[in-house]
Amino acid sequence: MKKTIVTVISVLIILVLSFLSLYFNNPIFTDNQRQTFYLLLIICSISILYCFIVGEISRNNSQMDKLWSVLPIIYVWVIAFRGELKLRLVIYALLVTVWGIRLTFNFARKGAYSIKFWQGEEDYRWQILRSKKPFTNKFVWALFDLFFISFYQNALVLAITLPMLASMESNASFNFMDVAAIILTSLFLIIEFVADEQQWKFQQTKKAKLKEGHLLEELEKPYNLGFNTVGLWSRFRHPNYLGEQGTWLALYLFVIASQECVYGIFNWSFVGPLFLVLLFIGSSTLGEKISKSKYPKYQLYQEQVYKYLPLRKFQDD
């Protein structure tokens, strides 16, 4: 709890500093950036309406989940083309495209997409939330769907791509910070890919063994634990979340490279990646609460392994 509070306070401080940079960026947008931003807002608004209406009618609230990996690709290429395909913008867009393809593939193989576009596998967390008060009330849930699932998440997905918009008009030459952004983003993408593959193989093997009629506690290690402790998961509780947050924080380095920052670090667009960090604080907390209620040894796993630091390895003796 203390770590979470410290993290939140640190993020809020950086948010304040990022917003203060608005006073030093005058004007914030050129005409081209402003027009591009309006275009992105139109796309985002259409997505908000789609997610809310289709989610409420179908009772499948994972409509935004299906678009999470697709919308950023659209946003960054809109920015890239309106920015005359400068080298920095193209590289940024290509990295986001790789990120989106990987995430879309991982989500698709879980059954998230269907020919009937409103159907598909729904995030289990929405199902659990709907069963708890006050969300059992349909009106309350509709408000949650509108303001958090549809509006907030769409706004966040747009916000995490705004660093590219901030650097759109820069004519700064390609420099070492661009190289650092490419290397670090690629590293975090690899972490995400490896973590997803290890999680997929673990869960598929566990499900296959359970289908054979075995009880969870009868399975051999590590499957009898119920949760993954293999590979990266033995060192991180959330290596996939580490990769996701790290990717968007690393992409911000392109803004620093573009020399659009106050004091060489702060730009208003940093609010997007930081709000993503805040989202994962809540998401990881909820996910771990669910896992602890389902699996007896998950608390031991929490005590032994850090969320994002590979300093300790899980030991189930």
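Taking GluC sites (Glu not before Pro) as exposed when DSSP calls them loop and at most 12 other C-beta atoms lie within 10 angstrom, the chain has its longest site-free stretch at 85-211.
Only the Cβ atoms of Lys and Arg (+1) and of Asp and Glu (-1) were treated as charged; on that basis the dipole of segment 73-119 about its Cα centre amounts to roughly 140 debye.
Think of a 1.4 Å ball rolled over the protein heavy atoms: the chain then has 51 Å² of accessible area per residue.
Inter-label distance, residue 312 to residue 215: 3.0 nm, where each label sits 7 Å from its Cα along the C-beta direction.
The 3J(HN,Hα) values that the Karplus relation (6.51, -1.76, 1.60; θ = phi - 60°) gives for segment 288-300 are, in residue order, 6, 4, 5, 4, 5, 6, 9, 10, x, 9, 5, 5, 4 Hz. Gly and Pro appear as x.
Label sites at residue 285 and residue 87, each approximated as a point 7 angstrom past Cα along Cα to Cβ, lie 4.4 nm apart.
Sequentially through segment 156-165, phi angles give Karplus couplings (6.51, -1.76, 1.60; θ = phi - 60°) of 5, 4, 5, 4, 6, 9, 5, x, 5, 5 Hz, Gly and Pro residues having no value and appearing as x.
Computed from backbone phi with θ = phi - 60° and the Karplus coefficients 6.51, -1.76 and 1.60, the 3J(HN,Hα) list for segment 205-213 is 5, 4, 4, 5, 5, 5, 5, 6, x Hz; x is used for glycine and proline. Length gained on full extension, residue 183 to residue 115: 20.7 nm, using 0.36 nm per residue less the C-alpha separation. Tell me whether segment 242-317 comes out rounded, prolate or oblate; compute the Cα gyration tensor, take square roots of the eigenvalues as a ≥ b ≥ c, and use a/c under 1.5 as the rounded threshold. Prolate shape, in that a/c is at least 1.5 and a/b is the bigger ratio. Largest first, the three principal axis extents of the alpha carbons in segment 52-106 are 43, 24, 8 Å in whole numbers. When the chymotrypsin sites (Phe, Trp or Tyr not before Pro) in segment 240-298 are filtered for DSSP coil states and for at most 14 other beta-carbon atoms within 10 Å of their beta-carbon, the remaining sites are 263. If you roll a 1.4 angstrom probe over the protein chains with everything in place, what fraction of the accessible area of the chain belongs to carbon and sulfur, to the nearest %? Result for the chain: 68 percent of the exposed heavy-atom area is carbon or sulfur. For segment 104-200, the set of trypsin sites (Lys or Arg not before Pro) satisfying both a DSSP loop assignment and a count of at most 14 other C-beta atoms within 10 Å is given as 109, 110, 116, 132.
The shape of segment 160-201 comes out oblate: with a ≥ b ≥ c from the C-alpha gyration tensor, a/c is at least 1.5 while a/b does not beat b/c.
Note that segment 163-252 shows a convex hull volume over its alpha carbon atoms of 91 Å³ per residue. For residue 229, no residue 5 or more places off, or on another chain, has a built amide H under 5 Å of its own.
The label-point distance for residue 143 and residue 101, in a model that sets each label 7 Å from Cα toward Cβ, rounds to 4.4 nm. Whole-percent P(r), segment 75-174, all Cα pairs, 10 Å bins from 0: 13, 29, 29, 19, 8, 1. Other residues within the sphere of radius under 13 Å centred on the Cβ of residue 200, judged by their own Cβ, net out at +3 (K and R +1, D and E -1).
Restricting the calculation to Cα atoms, every distinct pair contributes to the Kirkwood radius of the chain, found to be 21.2 Å.
According to the calculation over all Cα-Cα pairs in segment 158-317, the P(r) per 5 Å bin from zero is 2, 9, 14, 17, 16, 12, 10, 8, 6, 4, 2, 1, 0 %.
The values are calculated or read from the model by the stated rules, or taken from the named source; none is laboratory data. Keep in mind it's a predicted model, so treat the numbers as computed, not measured. Here Cβ is always computed from backbone atoms with ideal geometry, including for glycine, and neighbour counts include all displayed protein chains. Accessible surface is based on the protein model in full, side chains and every heavy atom, while ligands, DNA and RNA are left aside. Shrake-Rupley method; radii C 1.70, N 1.55, O 1.52, S 1.80 Å.
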